[in-house]
Amino acid sequence: MTLQGNGQIKGDKTGANGSIQALKFSGVDTNLLYSASINGQLKCDDANRGQVHKVLLDTGYCDHWFTSLDLSVSGDLVAVGDNFGYVTLLSSEGQLQVWKERLHKMKVTHIEFCPRMPWCLVTASVDRSLKVWDVRNMKTANTFLYSHLHDKPINSAHFSRVDGSRLLTTDQHSEIRVYSCPSFTHSITIPHPHRHFQHLTPIKATWHPLRDIIVVGRYPDPLFPHSSECSSPYSADKKPFSGKPQGGREARTIDLYDGVTGQLLHQLSDPASANKIVSLNLFNPSGDTLLSAAGIGVWVWKPKFKQEPSANKKSDKGKANHNSHSDDSSSSSDDDDDDDTKGAALKRKRSSADKKKTESWMKFMVKK
């Protein structure tokens with residue numbers, strides 16, 4: 001890993017298969033960057049100085065590494081999972097280890113704190129289970145609040161960025177689920193082709209920050225029920241055929257879904273990424289830019305806003321000329337009042353412009 005700035009943080013050179021499994025900036029000190037690596041270390045780096053701040057955990061074995069991490073809402077706790085199913089909760093400075101338990105039978109693929117309920121922690125695993133925990137009452141592996149079993153291993157579990165009232169999961173085949181919080185009841189299932197294989201970065205669905213809209217990359221599958229090339233994808237018991245992955249002619253798009261109804265809203269595509277499998281997608285905090293990654297390629301999506309009609313400009317120009325020829329009998333105090341009025345009008349105009357930009361972006365997203 002290399003960060004450009006005042007310095008560089010050089011990643012661990014563990015060979016061709018070496019990688020950083022998870023990254024998270026501190027919400028308290030944004031210069032601090034936490035990382036879970038395949039070399040078995042949980043580190044905190046100072047991104048501003050370009051140096052390692054502290055190594056919090058180190059397994060010491062090449063076959064035991066950390067796979068996922070998250071920081072609590074307050075920023076004083078770090079939860080990290082490993083490839084054996086263990087989850088460790090410790091202080092953000094690594095001085096205190098609160099607990100360590102094997103919460104899953106296989107590798108932990110995702111860990112996330114709930115922004116709405118700071119005490120709530122969710123974990124997902126290759127063992128196909130999604131579990132919800134209360135970090136204030138962690139005693140054994142059986143003290144979970146809720147547990148949901150999926151048909152396939154789970155890649156991710158993300159809380160809604162709007163208000164944390166929904167939980168979005170992505171499996172390793174063709175299913176996206178949404179759960180309602182805080183009851184964690186299963187609300188909708190979205191059939192979607194994104195099957196996994198060894199050398200593919202796991203496809204993960206994520207949220208838009210301002211509306212409950214889901215964004216996810218599509219990996220077309222001729223065996224998927226909704227594929228135009230599919231003849232008999234399902235057996236009599238409605239289970240997907242687990243054959244060798246085969247590429248279809250369907251476009252490898254980036255899909256946007258309504259997180260409440262499950263309706264497909266829009267599909268993004270670009271000739272440069274037409275033959276790529278876009279595994280990762282993430283909106284910026286303001287929701288007007290989407291970053292997509294496929295292999296070593298990165299794409300940035302931004303909306304194109306339409307210009308105001310020229311007629312409006314002419315109308316504004318006419319008004320300006322009319323005002324310039326009006327009589328100037330007002331006093332200096334009147335001029336001050338006019339300045340205040342103009343300032344307020346300018347603020348309203350800017351606010352209206354920002355609102356139009358947001359509405360235009362949302363129209364762009366839902367356009368079919």
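The values are calculated or read from the model by the stated rules, or taken from the named source; none is laboratory data. None of these values were measured; they are calculated from a predicted model. Because the Cβ atoms are built from the backbone with ideal geometry, glycine has one as well, and the counts that use them run over all protein chains shown.
Restricting the search to the stretch 67-103, which residues are of a type in the set (Asp, Glu) and surrounded by fewer than 19 Cβ atoms within 10 Å (Cβ to Cβ)?
Within the stretch 67-103, Asp76, Glu93, Glu101 qualify.
Within the stretch 84-96, count every residue that is closer than 16 Å to Arg136 by Cβ, out of contact with any helix residue (DSSP H, G or I) (no Cβ under 8 Å at 6 or more places or on another chain) and either polar (S, T, N, Q) or at pLDDT 90 or above (or both).
Residues flagged as closer than 16 Å to Arg136 by Cβ, out of contact with any helix residue (DSSP H, G or I) (no Cβ under 8 Å at 6 or more places or on another chain) and either polar (S, T, N, Q) or at pLDDT 90 or above (or both) within the stretch 84-96 amount to 3.
Out of all the residues in the stretch 169-182, which are within 17 Å of Leu149 (Cβ to Cβ) and either of a type outside the set (Ser, Thr, Tyr) or surrounded by fewer than 19 Cβ atoms within 10 Å (Cβ to Cβ) (or both)?
Asp171, Gln172, His173, Glu175, Ile176, Arg177, Val178
Show me the strands (runs of 3 or more DSSP E) entirely contained within the stretch 130-195 in which 1 or more residues are in contact with a Ser or Thr (Cβ under 9 Å, 6 or more places away or on another chain) and farther than 19 Å from Asp70 by Cβ.
Of the strands (runs of 3 or more DSSP E) lying wholly inside the stretch 130-195, those with at least 1 residues that are in contact with a Ser or Thr (Cβ under 9 Å, 6 or more places away or on another chain) and farther than 19 Å from Asp70 by Cβ span 146-149, 175-180, 185-191.
Which of (1) more than 18 Å from His173 (Cα to Cα); (2) modelled with pLDDT of 50 or more does Ala236 not meet, given it meets every other one?
(2)
Could you list, ordered by first residue, the pairs with Cβ atoms under 6 Å in which the first is in the stretch 278-294 and aromatic (Phe, Trp, Tyr) and the second is crowded, with 19+ Cβ neighbours inside 10 Å, at least 6 apart or interchain?
Every condition considered, the pairs that remain are Phe283/His208; Phe283/Leu290.
Just the residues that are surrounded by fewer than 16 Cβ atoms within 10 Å (Cβ to Cβ), touching a residue at least 12 places away in the same chain (Cβ under 8 Å) and of a type in the set (Val, Ile, Thr), please, taken from the stretch 183-215.
Passing the criteria: only Thr189.
Can you work out which of the residues in the stretch 150-168 that are in contact with an Asp or Glu (Cβ under 8 Å, 6 or more places away or on another chain) and of a type in the set (Lys, Arg) is surrounded by the most Cβ atoms within 10 Å (Cβ to Cβ)?
Arg166
Let me confirm something: among Thr109, Thr123, which residue is buried (at least 24 other Cβ atoms within 10 Å of the Cβ), more than 15 Å from Phe144 (Cβ to Cβ), at pLDDT 95 or above and in contact with a strand residue (DSSP E or B) (Cβ under 9 Å, 6 or more places away or on another chain)?
Numbers: Thr123 fails: more than 15 Å from Phe144 (Cβ to Cβ).
Step by step, each of Thr109, Thr123 is checked, and only Thr109 is buried (at least 24 other Cβ atoms within 10 Å of the Cβ), more than 15 Å from Phe144 (Cβ to Cβ), at pLDDT 95 or above and in contact with a strand residue (DSSP E or B) (Cβ under 9 Å, 6 or more places away or on another chain).
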